[in-house]
Amino acid sequence: MQSLLDFAQMKTEESISSGRRRILKQCIDREGPYVVRNKKKLLSFSCNDYLGLAQHPGLKEAAIAAVNEWGSGACASRLVTGNHSLYEELEKEIASLKNSEAAIVLGSGYLANLGIIPALASKGDLIVADRLVHSSIISGCILSGAKLLRFGHNSALSCNEILRKHRKNYRNCLIITEHVFSMDGDIAPITDIMAIAKDYDAWVMTDDAHGLGVCAQGEENNADIQMGTFSKAVGSYGGYVCAKKEVIDYLIGAIKTLVYSTALPPAVVASSIAALKIIKHDKKLCAKPLQNALLFTKLMGLDYAKSPIVPLIVGDEKAALQLENYLENKGFLVVAIRPPTVPPKTARLRLAFSALHHEGDIAKLADAIKSFKIA
Ligand SMILES: *Cc1c(COP(=O)(O)O)cnc(C)c1O
């Protein structure tokens, strides 16, 4: 027997000695792409607000108007009395943007994955997921009780091999991948995966958390189930799933994180609507984050960026933290990402480029990174 206090202290000591302790640091006073941390103004390359919409006057006004009309909370789940009228508009907007028949909005991207996957697969079914999919997808798979097998990152060949060997032993099969990978910024071979799914009678689900609004929605829109979040380029909060109408009709009653969780506050839904309208009409704004990432990879002599996310793989966890601190001293916020968020020995700086970054800032960042020597 161990007291809770002893248990917590033991765990914290373990994380300190392995260099993996996580602590919360305050980030205040956002102003454009700048944040204030430790009383210092830093140019951030670690925000997922790729289009700068979180501070857009249109989103703020929509949120304030919704608070004034409906109040601060939704007061119940959507199936009870929380289904305020803004939801319908948001679902129409997101379905149209994703070129999909229907959509359902959920509490967050994490809650979406946690709810959708167990609604689609259970014991006796097979889930085949890319090795690098987000933690919320893995949690959803575990909760489903289905058999989970992983394929090599972005390898259609490896996916095919797993299905060839194992598909026959299971009832239904769900293949899950991301559109844009959150820690690597690369893009899944969705057309190839769709072809494999056809051969093996499988369904395809994609997570578009980092693609919506900033990467072309071509192949991605063909997936049977498309989920994503309003918390990144959309600059607001909430999750969604798009699919054929019959599938959405079924999911409404089957997603437990929808049935048993309170609806989103009206203000949040209103901001998302305002943001999707901007995304729909301002193509120039939506193209800017990738253009900025491409400028950076060109200046650094790296492979061309495929999305606004560019990883600088350092490998060693301490070296990644050293680089983070070095850049912080030079006025940049680029947070190091370490295992277990990324695989062992692939600690990295994850750069997220935004429409708010200026070309001159990107050149300064590239120079700062080039001047770093591992101590
Ligand atoms: C951020 C993220 C989520 C979770 O979305 P939230 O709305 O922040 O809960 C899910 N999947 C991926 C790939 C993500 O990057």
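The values are calculated or read from the model by the stated rules, or taken from the named source; none is laboratory data. Computed from a predicted model, the values in this text were never measured in an experiment. Neighbour counts are summed over all protein chains in view; Cβ atoms, including those assigned to glycine, are modelled from backbone coordinates with ideal geometry.
Inspection of the stretch 84-92 identifies no residue that is among the aromatic types (Phe, Trp, Tyr) and under 15 Å from the mean Cα position of the chain (by Cα).
Which is crowded, with 22+ Cβ neighbours inside 10 Å, more than 16 Å from the ligand (Cβ to nearest atom) and at pLDDT 95 or above, of Ala66, Ala95? Don't jump to the end; show me each part of the working.
Details: Ala95 fails: crowded, with 22+ Cβ neighbours inside 10 Å.
Within the list Ala66, Ala95, the selection yields Ala66.
Only one residue in Leu299, Leu285, Leu321 is modelled with pLDDT under 95 and out of contact with any Phe, Trp or Tyr (no Cβ under 9 Å at 6 or more places or on another chain), so which one is that?
Exactly one residue qualifies, and that residue is Leu321.
Of everything in the stretch 228-254 that is farther than 15 Å from Asn99 by Cβ and part of a strand (DSSP E or B), the residue that is farthest from the ligand (Cβ to nearest atom) is Gly239. The number of residues in the stretch 33-51 being within 16 Å of the ligand (Cβ to nearest atom) and either of a type in the set (Lys, Arg) or in a helix (DSSP H, G or I) (or both) comes to 0. In the stretch 267-287 there is no residue matching the filter, namely being of a type outside the set (D, E, K, R), buried (at least 19 other Cβ atoms within 10 Å of the Cβ), within 16 Å of the ligand (Cβ to nearest atom) and assigned to a loop (DSSP other than H, G, I, E, B). Looking at the stretch 212-227, which of the residues that are hydrophobic (A, V, I, L, M, F, W, C) and surrounded by 19 or more Cβ atoms within 10 Å (Cβ to Cβ) is nearest to the ligand (Cβ to nearest atom)? Filtering the stretch 212-227 for residues that are hydrophobic (A, V, I, L, M, F, W, C) and surrounded by 19 or more Cβ atoms within 10 Å (Cβ to Cβ), the one nearest to the ligand (Cβ to nearest atom) comes out as Met227.
Table: residues versus (1) among the hydrophobic types (A, V, I, L, M, F, W, C); (2) under 26 Å from Ile175 (Cβ atoms); (3) without any contact (Cβ under 8 Å) to a residue 12 or more places away in the chain.
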{"residue": "Met227", "(1), (2), (3)": "yes, yes, no"}
{"residue": "Phe230", "(1), (2), (3)": "yes, yes, no"}
{"residue": "Ser236", "(1), (2), (3)": "no, no, no"}
{"residue": "Lys245", "(1), (2), (3)": "no, yes, no"}
{"residue": "Ile248", "(1), (2), (3)": "yes, yes, no"}
{"residue": "Leu251", "(1), (2), (3)": "yes, yes, no"}
{"residue": "Ala254", "(1), (2), (3)": "yes, yes, no"}
{"residue": "Thr262", "(1), (2), (3)": "no, no, no"}
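Residue count for the stretch 36-59, restricted to those that are closer than 29 Å to Leu106 by Cα and surrounded by 15 or more Cβ atoms within 10 Å (Cβ to Cβ): 13. For Ala54, the conditions (1) of a type in the set (Gly, Ala, Ser); (2) in contact with a Gly (Cβ under 7 Å, 6 or more places away or on another chain); (3) not in a helix (DSSP H, G or I) all hold with the exception of (3).
I'd like to know if the stretch 76-89 contains one or more residues that are within 29 Å of Lys283 (Cα to Cα) and crowded, with 19+ Cβ neighbours inside 10 Å.
yes
Are any residues in the stretch 98-156 among the acidic types (Asp, Glu) and either buried (at least 22 other Cβ atoms within 10 Å of the Cβ) or within 16 Å of the ligand (Cβ to nearest atom) (or both), and if so, which ones? Passing the criteria: only Asp130.
Only one entry in Ile176, Ile187 is within 16 Å of the ligand (Cβ to nearest atom) and surrounded by fewer than 21 Cβ atoms within 10 Å (Cβ to Cβ), namely Ile187.
Residue count for the stretch 185-235, restricted to those that are within 26 Å of Glu161 (Cβ to Cβ) and among the aromatic types (Phe, Trp, Tyr): 2. Return a yes/no flag: does the stretch 220-230 have any residue that is within 18 Å of the chain's Cα centre (by Cα) and acidic (Asp, Glu). Yes, the stretch 220-230 contains a residue that is within 18 Å of the chain's Cα centre (by Cα) and acidic (Asp, Glu). Confirm whether Ala209 is touching a residue at least 40 places away in the same chain (Cβ under 8 Å) and either buried (at least 24 other Cβ atoms within 10 Å of the Cβ) or within 11 Å of the ligand (Cβ to nearest atom) (or both). In short, yes.
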